[in-house]
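Structure below; questions to follow.
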Amino acid sequence: MRRRGPRRVGAPRRGDGVHPAALARRLAAPTRLAALALAAGLVLAACGTSQGPSPAPASPAPSASAVASVPASPVVGVVLKVDSAGLDKVSGFTLRTDAGQTLVLSIGVLENGAQFPPGHLAEHLATAAPVRVWFRDENGTLVVYRIEDAG
């Protein structure tokens, strides 16, 4: 009888009918499942497990009419949001003043619209460069009539 060399590790024995690739797939499935469970556990742990009560959700920015005291015009601040349907169709914006107040402003007819087109507010939003804004209160709505770079 002819003697064979040593059997390779992981190779099937004669007659057991398990192909090495099938064996590898069977062993890999539980490993993938364990890795997925570990990843899910890490994500849940990263979400925070504080023992105290969860903080209250942040309230939305107050509207101009909800602000108790509207500051005197002009104000200087950074643009937080621009309401528009395109660069040439800006209807308003949200401004945080240097004093920390959040104002929701509507764009009226700008007396310097050629020097400061309303679409330029998008650049100020992106760069956080401050603007100086003149406005008037029209029935609880703060309507802007002049905007300038404040930097």
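Keeping to region 103-131, report how many residues are assigned to a helix (DSSP H, G or I) and small (Gly, Ala, Ser).
The total comes to 3.
Within region 95-106, how many residues are surrounded by fewer than 19 Cβ atoms within 10 Å (Cβ to Cβ) and either under 22 Å from the mean Cα position of the chain (by Cα) or not hydrophobic (A, V, I, L, M, F, W, C) (or both)?
Of the residues in that region, 7 qualify.
Let me ask another. What are the pairs with Cβ atoms under 7 angstrom where one residue, in region 108-120, is closer than 14 Å to residue 133 by Cβ and the other, located anywhere, is surrounded by fewer than 16 Cβ atoms within 10 Å (Cβ to Cβ)? Sequence gap at least six, or different chains.
That search, which allows pairs on different chains as well, returns 116/148.
FYI, it's all coordinate maths here, none of it is from the lab. Worth saying up front: this structure is predicted, and the values here are computed from it rather than measured. Glycine also receives a Cβ, built like all others from the backbone with ideal geometry; neighbour counts cover every protein chain displayed.
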